[in-house]
Each structure stands twice: as C-alpha cells, then as structure tokens.
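Q: So that we are looking at the same thing, I have put the structure below in structure tokens.
The values are calculated or read from the model by the stated rules, or taken from the named source; none is laboratory data. These figures come from a predicted structure and were not determined experimentally. All Cβ positions, glycine included, derive from the backbone under ideal geometry; neighbour counts span all protein chains shown. With ligands, DNA and RNA removed, areas are computed over all heavy atoms of the protein, side chains included. Shrake-Rupley method; radii C 1.70, N 1.55, O 1.52, S 1.80 Å.
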Amino acid sequence: MTTFQTSLRTANLDDLDEITDLHTQARTAYYQAGGHSETELTSPEGRSSRREMWMRAVQDDTKTVLCAVREGEMVGILAMGPPLDPDMDAASAAQLYQIHVRAGRWGQGIGSQLHAAFVRFLRDASLTAGVLEAWERNSRAQAFYARHGWMPDGHHRPGPCDANYVRLRLDVGPSA
C-alpha cells in the first residue's frame, strides 16, 4: 500500500493562478450539483474576481491562507481569519472562510488535514469557537463539517439558486 504525504504551507502571490483554478474547479462541482449554471461558475469574469479575492486574502495580514501540496501538486486550500459577521466576537472566535480540495482528491484526508490546521489556529490563538458558512445545497460540505463537530447556529443569508448560506459553529473550548 502506498501512502502519500500531504504538506501544508503558507500561500504566496506565486500561487494565485493555481489557487484560483483549484477554487474554480471545486466550487463548480458543488454549485453544479446544487443546480447552479456552469456558465456563471466558469466565466472569465468570475475567475478574475476569484483571483482578485485570493490576492487580497494572501496579502491581508489578518488572514491566513494555506496550501495543501501532495507530490508537487496543490490539492487543497484553506483560508481563515477574524469573523466577518459583526455579531461574532473576534476575541473568542475565528472564521474558516474556505476549504477546497481538488475534486479528484476528495476522500483522501486532505480536507481533514486542512480542518485540523484551522482547529490548531483556534487553539494557538486561545479562541474557543470557529464559524463558517456553507451553502445549504452543498451536502458534501454539510456532511464533512458535521463529522468534525460543526453545528448550525441559526444564522443564514441568501445564496444562489434560492438557497441560503447557513452559518455553522464549532466549539473547541479552552486550550488545555
């Protein structure tokens, strides 16, 4: 049996095209499964907007973007930082903005490794909770987060295709 080592590293500006392509591929898979049009997902304008968003995240000192790399290939990305919603206290919580794993690599533990990095981030910062938003039609993400202890906290906002983004919360308690 062959096992592959996945390493995590901080993203840099040289990674932007690869990050954008991985993000586009992953989001296309889950939004299409939920009924969203491929044209809207893969347009050059949409890609350009996503690249700009990732550039801002990589350059923002308050955010952390990590790349998961296996055998020289970027197989996953994680973005995290302070909570975006004003009702969340940055002194006790951080937000997992995005985890994406290359579609052909699902089920190989990469998402769990990225998730564990987020939990370490919380503990290292002495934070007791994480929050994230997941599109309610993304059943794969919903199941992944539920397996890792996330629970809906009752907040939501409108998303595409008349489906909401649901906010989930992970309580990690005080660090030992």
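Q: Can you tell which of A94, A90, A79, A116 is hydrophobic (A, V, I, L, M, F, W, C), part of a loop (DSSP other than H, G, I, E, B) and surrounded by 13 or more Cβ atoms within 10 Å (Cβ to Cβ)?
A: Every option except A90 fails the conditions.
Q: Based on what the data block shows, is A129 buried (at least 19 other Cβ atoms within 10 Å of the Cβ) and either of a type outside the set (K, R) or touching a helix residue (DSSP H, G or I) at 6+ places or on another chain (Cβ under 9 Å) (or both)?
A: no
Residue-wise test of (1) at pLDDT below 90; (2) touching a Leu at 6+ places or on another chain (Cβ under 6 Å).
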residue	(1), (2)
L132	no, yes
R147	no, no
W150	no, yes
G159	yes, no
Y165	no, no
L168	no, yes
D171	no, no
P174	yes, no
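Q: I would also like to ask the following. Of (1) among the basic types (K, R); (2) more than 19 Å from Q25 (Cα to Cα); (3) open to solvent by 50 Å² or more (accessible area, probe 1.4 Å), R167 satisfies all except one. Which?
A: (3)
Q: Moving on. What is the residue count in segment 26-67 for residues that are surrounded by fewer than 14 Cβ atoms within 10 Å (Cβ to Cβ) and at pLDDT 95 or above?
A: Residues meeting the conditions: 6.
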